[in-house]
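Working notes for the structure below.
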Amino acid sequence: MSKVAKVEAPYKVLVRDIPLQRTFEVPATDVDAWLRGLPMRDALGRPEGDPEAGHGKAVLELYADGEHVFAVGPFQGHLHVACSRCVEPVKLVIDEQLRVTYMPKHEMPADEDEEDAADGESDGAEVGAGDLDVFPYDGEVVDLEPLFREQFVLAVPYAPLCREDCKGLCPQCGVDRNSTTCECKPPIDPRLAALKGLKLPP
Ligand SMILES: [Zn+2]
Ligand SMILES: [Zn+2]
């Protein structure tokens, strides 16, 4: 895959331009790139470049108080992931009220910096929605990308479902049991088989 150099930095704001209000659009290509690394997506082998990856839009007010920068406003979007049982697409809707603080890096607690490296599988875990979040910035440029990426990553549940009672795929023949019935019989649990053996003396 060729890497196209970014002409602009659509999620970056110069601190000297603050206060301001701005609308930030997150295109599907970015959503796709952010989600591609998620364990769920990899496990299910979703096709790359999913054109329906999602979309997001934030209308943020940014203002500063001393060295702290605040970003407040609604974030709306949606994304598509695969159902954890039948692999059909599931649309997840995001509708959050963002309220985050940007602090100069040197004021941040040490381990909060390494977000990129550390965010592994615990990502769908609870992070109190609407709570005050804190992100680092370098003192001159506020980069909103990690904030937007987090909205999409947190929106993906540990095991997404197309519907509550999705029947999933048949583990033997692979048909989608929501739409097709097959004749497969569930495999016999070896422990049960052993019990049967005991109960049936020759
Ligand atoms: Zn499903
Ligand atoms: Zn089957």
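Structural remarks
- The H on the amide N of residue 134, modeled in the peptide plane, is under 5 Å from the matching H of 101, each at least 5 residues off or on a different chain.
- Taking amide hydrogens as placed 1.01 Å from N in the peptide plane, the amide H of residue 12 sits under 5 Å from those of 144, each at least 5 positions away in sequence or on another chain.
- Region 50-101: GluC sites (Glu not before Pro) in DSSP coil with no more than 14 other Cβ atoms inside 10 Å: 52, 67
- Phi angles of region 68-84 translate, via the Karplus equation with coefficients 6.51, -1.76, 1.60 and θ = phi - 60°, into HN-Hα couplings of 8, 10, 10, 10, 9, x, x, 10, 10, x, 8, 8, 10, 10, 9, 4, 6 Hz per residue; Gly and Pro are given as x.
- Amide H contacts of residue 90 (H built 1.01 Å from N, under 5 Å, at least 5 apart or other chain): 81, 82, 83
- Charge tally in the Cβ shell below 11 Å around residue 104, where Lys, Arg are +1 and Asp, Glu are -1, residue 104 excluded: -3
- Label zone at residue 17, where the point sits 7 Å out along the Cα-to-Cβ direction: region 87-106 residues whose backbone N lies under 18 Å: 102
- For the pair residue 9 and residue 101 in one chain, pulling the backbone fully straight at 0.36 nm per residue adds 31.1 nm over the alpha carbon distance.
- Fewest-first ordering of 170, 184 by other beta carbons within 10 Å of each residue's beta carbon gives 184, 170.
- Karplus-derived 3J(HN,Hα) values for region 160-172, using 6.51 cos²θ - 1.76 cosθ + 1.60 with θ = phi - 60°, are x, 10, 5, 7, 2, 9, 3, 7, x, 9, 5, x, 8 Hz; glycine and proline are entered as x.
- Theoretical gain in end-to-end length, residue 163 to residue 141 [0.36 nm per residue, Cα-Cα removed]: 3.7 nm
- Note, ³J(HN,Hα) from phi for region 174-190, Karplus 6.51, -1.76, 1.60, rounded to Hz, x at Gly and Pro: x, 5, 6, 6, 6, 10, 10, 10, 10, 9, 4, 9, x, x, 7, 4, x
Every number in this text was worked out from the coordinates using simple rules, so none of it is lab data. What you see is a predicted model; the values in this text were computed from it and never measured. All Cβ positions, glycine included, derive from the backbone under ideal geometry; neighbour counts span all protein chains shown.
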